[in-house]
Amino acid sequence: MEKTADWIMRRAGFGFNLTKDPISQKEWVESTRESLEKPELYIKDTRFKEFDQLVNSKLKGEEAQYLSGMVKSANGSIVYRRTYQDRNTKLRDAGDIKAANRIWNTYIKTRPLWASSHRRFDFAMNTDHDFLNRIWFFWLNYFTVADAMVSLPCVPDFQETIREKMSGSMESLVYSVITHPAMLAYLDNNSSVGVNSIARKKGWTKDGVNENLGRELLELYTLKPSFGYTQDDVNGVANVLTGWQIQDWDGTYQVVFEPNRHEPMSQKILGESYTGSGKMGKSKLKRLVRHLCSYSATGVNVSFRLCQHFISDSPNPDHVRELSQIYDKDKGDLSKVYMGLLEILDRLPHENSKFLNPEIWTYQCFKTLNLKPFKTVSLNNHNPYAQNIDAVLDEMGMLHGLAAQPNGWPETEAGWISNEYLDRRLRFSSYFSGFVRGYKSEVIHLLNDNGLNKFQLDRFNLSPYNMHILQSKVANENIIPALFCSPEFLRS
Amino acid sequence: MKRRDFIKFSTTAAAAYTMGHSLSSFAGSNDIGNVVVILCRGGMDGLTAIQPKERSRLQKIRKSCYINTPLKLTADFDLHPKLRNFKSHWGSQNAAAVHATGFSYFGRSHFDGQNIMELGAYKPYTMSTGWLGRAMELKNLSSLALNLPTPIIVTSSAGNANYYPSRFATPPKAKVEAIKELWANDPVLSGFIDETTMSTMNPDPSRNVKKLAKEVARQMSLEGGPKVGFIEYSGFDTHATQGADNGHQAKHLQKVDDIIRAFSSQSKSVWKKTVIVTVTEFGRTVRQNGSQGTDHGAASAILMAGGLIKQPKVIADWPGLEDKELHEHRDLRETIDARDVYGDILHHAFDISKAQIRDVVFPGSKQKLDLGIWG
């Protein structure tokens, strides 16, 4: 019998839809291959525009006035309108500091995070490019930005930038990420100034070099510490990164490279010289990123992380090698690496062995039952913003914008299995099974009346024992939480 | 102790308790002290917390981070003004500090450094359990963490529990039973989730470390209560505008002081047997950087407070702050292995022999340090 795509759709995507008939794995892999070959189709999927209109249409009164959503800035990047901040300024000027603080906190803490959560959710539910979308989630975690007070307003554009660049070369992805205002703010590079720069010599600023971004560029994004670079290399990278600034006085978070703030002294990094005045600053950084991405160590880092995300907590070295060889051969062409990953996934045995993180698992619960994203859960009547998926994800312990540190959320089950994390899965699935009853969905109707038949249960790749338990011992009204918390559904 | 007695806590602050593993271990537990660990993620700046009296040098190389109005500690060291409660315990002989200490880790990576500070190993990712967990295991203690994940520092081969209140309602028993049955044959999942963990809690939205510390103290004061408290606080990574008397690093030190105060105010009965201690992955650069902040460095300081301490001291083999005295011309040189400091604390608080600490808790360390603060 031909393999169905149910297993691979859970492993490499957001799951299968129980209300639709299974397709073959061959068919799924074929269409995914096409999607990888034409990433522009995925990039063009700008559902966030419709999404934003929908969100805005739901806002009322004063809320609508100040939470007016994403707009395009002069350079085409998507940012949040300034109105909230203007309102904040007016209240402050009028002396009502308390009200000003309140409105600012609401804006900064809820809106960008809330909207970007919904966009991720909407994409996960509705895109025709599941694998690429999972890869997008992978990179959003790989390049974590999580500083609520500084970088969040430009996070939506940061996410879009990654989506646009992630199917090109590693060097263009890394360059776009590290020169984005969200990253420059998150890792403190926006005020990094060369000590021999014109701005310093003329006394325009007393600022100097900040090594935070330079270090993470080497440590997290490219080579990893095991490569053996030195503090001198970190210093050199930090110097090449000087001169980048965020200008946000018009609320649009433009990034400007200011040659006068760039370090003109020659830098030696991993044996190569980077020479030139501020005018050469951008091309020096481009060359540096190309240099770092040209190392096999960077390819191995990316390959290992991809294998860890999609295949196993302890990746098979052969799989890592397979991908890193593609990385080397195709000069960091990431779509080729994804293609290699797809080939590996296609030949893996159908074992549910990779523990799903809370976010992917939550989305798979929705997708399996064919539930639409916008009717979500109300957890807290006092806060209207909590009636949304981000409140669920926060409760589950994985709201993407709130990872504690630049290395992001864990990729392994050790980071996600504890009594309390598992307790949340039980609570959510129980809550979910009650709340989905309100849906006029065929599948829910079916579940409540009849439970699942053997054909439907077979799609979940259950062990014979658990199949037996679910069929013989679990009451129909408990079938959803039991199924979603089964070891086979917690993993993929 | 009922699980419902535990309350709250935030994603940036977490707490763990250790309690007697069995009734038999309670019998001897009267002699056992209490250890509260404050895990300071991000790299606490030891020179800001405990500022050496090298005024002209410091004013030159960390102009905007120099503490102008410190509290007086000793002839050689001053204290950050936000550490007022630490100072008052110092006044009652119940506080001490160690300076120029660290985990002999010089790679300047948060993630490798934090892994080392929690494992107690000399190389990152080379052990599978945390040093506090191994110490507790030696005394047959188990731990309970008050956050979603289990902190690495308390993991050991014995089981660890954790607790965190949920806004989701408790599922009906039949649903839980069905799931438990499905997990029964799973090598990883079986054993997780029992009914006691499913009790309904009222969410406390304040997520305040002071309340957390008070609750830790309250629980530790109970008859047969926990012996180890664990509080996590992150944010010390002040690369830009670190501040001095006030500012970012000061704000975080204030939180450490708040934790000490909240704990001591609530823990009257056990305070005399307690030591609260800070743990951080590394210190920060001696010179300030170009953004009035400091970058990742090497050695830092350890703060200790509690009634187990009888002699206020700053223990240090001071390496100096001149260029040639710094590690790689930029970081405070480490002269005391932090493992020896925590080892001496565990030795006195839990009565674990130095040999056991050397073999089990901190393999590879010397454990020859006597802090000389125990009276």
Unmet criterion (only one of (1) away from chain B (no Cβ under 13 Å); (2) at pLDDT below 95; (3) buried (at least 22 other Cβ atoms within 10 Å of the Cβ)) for A:Leu173: (2)
Output the residues belonging to region A:400-432 that are surrounded by fewer than 23 Cβ atoms within 10 Å (Cβ to Cβ), farther than 27 Å from B:Lys180 by Cβ and at the interface with chain B (Cβ under 8 Å from one of its Cβ atoms). A:Leu402, A:Ala404, A:Gln405, A:Asn407
When residues of region A:386-399 are filtered for being assigned to a loop (DSSP other than H, G, I, E, B) and within 7 Å of another protein chain (Cβ to nearest Cβ), how many remain? 1
Given the criteria surrounded by fewer than 24 Cβ atoms within 10 Å (Cβ to Cβ), at pLDDT 95 or above and either farther than 14 Å from B:Cys40 by Cβ or touching an Asp or Glu at 6+ places or on another chain (Cβ under 6 Å) (or both), does B:Lys268 qualify? no
Part of a loop (DSSP other than H, G, I, E, B), hydroxyl-bearing (Ser, Thr, Tyr) and buried (at least 18 other Cβ atoms within 10 Å of the Cβ) - does that describe any residue in region B:69-83? no
Condition test on A:Val145, is it assigned to a helix (DSSP H, G or I) and touching a Gly at 6+ places or on another chain (Cβ under 9 Å)? no
May I ask you to verify whether B:Ile231 is of a type outside the set (Gly, Ala, Ser), in a strand (DSSP E or B) and touching a strand residue (DSSP E or B) at 6+ places or on another chain (Cβ under 9 Å)? yes
Note: among A:Tyr229, A:Tyr221, A:Tyr186, just one is of a type in the set (Ser, Thr, Tyr) and either surrounded by fewer than 23 Cβ atoms within 10 Å (Cβ to Cβ) or in contact with a strand residue (DSSP E or B) (Cβ under 8 Å, 6 or more places away or on another chain) (or both), namely A:Tyr229
Among A:Pro112, A:Pro153, which is in contact with a Leu (Cβ under 6 Å, 6 or more places away or on another chain) and at pLDDT below 80? A:Pro112
Six or more apart or on different chains, Cβ under 8 Å: which pairs go from a residue in region A:264-288 that's without any contact (Cβ under 8 Å) to a residue 12 or more places away in the chain to one that's surrounded by 13 or more Cβ atoms within 10 Å (Cβ to Cβ) and assigned to a loop (DSSP other than H, G, I, E, B)? Could you list them? A:Ser283/A:Gly276
Of the residues in region A:480-492, those that are in contact (Cβ under 8 Å) with a residue 60 or more places away in the chain, within 7 Å of another protein chain (Cβ to nearest Cβ) and not in a loop (DSSP other than H, G, I, E, B) come to A:Pro487
Number of positions in region B:97-107 that are in contact with a helix residue (DSSP H, G or I) (Cβ under 7 Å, 6 or more places away or on another chain) and within 14 Å of chain A (Cβ to nearest Cβ): 2
Among (1) farther than 23 Å from A:Tyr253 by Cα; (2) more than 14 Å from every other protein chain (Cβ to nearest Cβ); (3) part of a helix (DSSP H, G or I); (4) in contact with a Ser or Thr (Cβ under 9 Å, 6 or more places away or on another chain), the one test that A:Asp128 misses: (3)
In a loop (DSSP other than H, G, I, E, B), farther than 26 Å from A:Phe304 by Cα and either at pLDDT below 90 or at the interface with chain B (Cβ under 8 Å from one of its Cβ atoms) (or both): is that true of A:Leu457 in this structure? no
Test set (1) over 27 Å from B:Gly113 (Cα atoms); (2) not in a loop (DSSP other than H, G, I, E, B) - B:Leu47 fails condition number: (1)
When you go through B:Thr278, B:Thr241 one by one, which is the residue that is within 12 Å of chain A (Cβ to nearest Cβ) and either at pLDDT below 95 or outside any loop (DSSP other than H, G, I, E, B) (or both)? B:Thr241
Pairs needed: first member in region B:170-187, under 11 Å from A:Val474 (Cα atoms); second member anywhere, assigned to a helix (DSSP H, G or I) and of a type in the set (Val, Ile, Thr); C-beta distance under 8 Å; at least 6 residues apart or different chains. B:Ala178/A:Ile469; B:Glu181/A:Ile469; B:Leu182/A:Ile469
Among residues belonging to region A:466-479 that are at the interface with chain B (Cβ under 9 Å from one of its Cβ atoms) and in contact with a Leu (Cβ under 9 Å, 6 or more places away or on another chain), point out the one that is nearest to A:Ser429 (Cα to Cα). A:Ile479
Does A:Thr242 satisfy the criteria of being surrounded by 21 or more Cβ atoms within 10 Å (Cβ to Cβ), among the hydroxyl-bearing types (Ser, Thr, Tyr) and within 10 Å of another protein chain (Cβ to nearest Cβ)? yes
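The values are calculated or read from the model by the stated rules, or taken from the named source; none is laboratory data. In this text, all values refer to a predicted model and were calculated from it rather than measured experimentally. Heads up, the Cβs are rebuilt from the backbone with ideal geometry, glycines too, and the neighbour counts pull from every protein chain shown.
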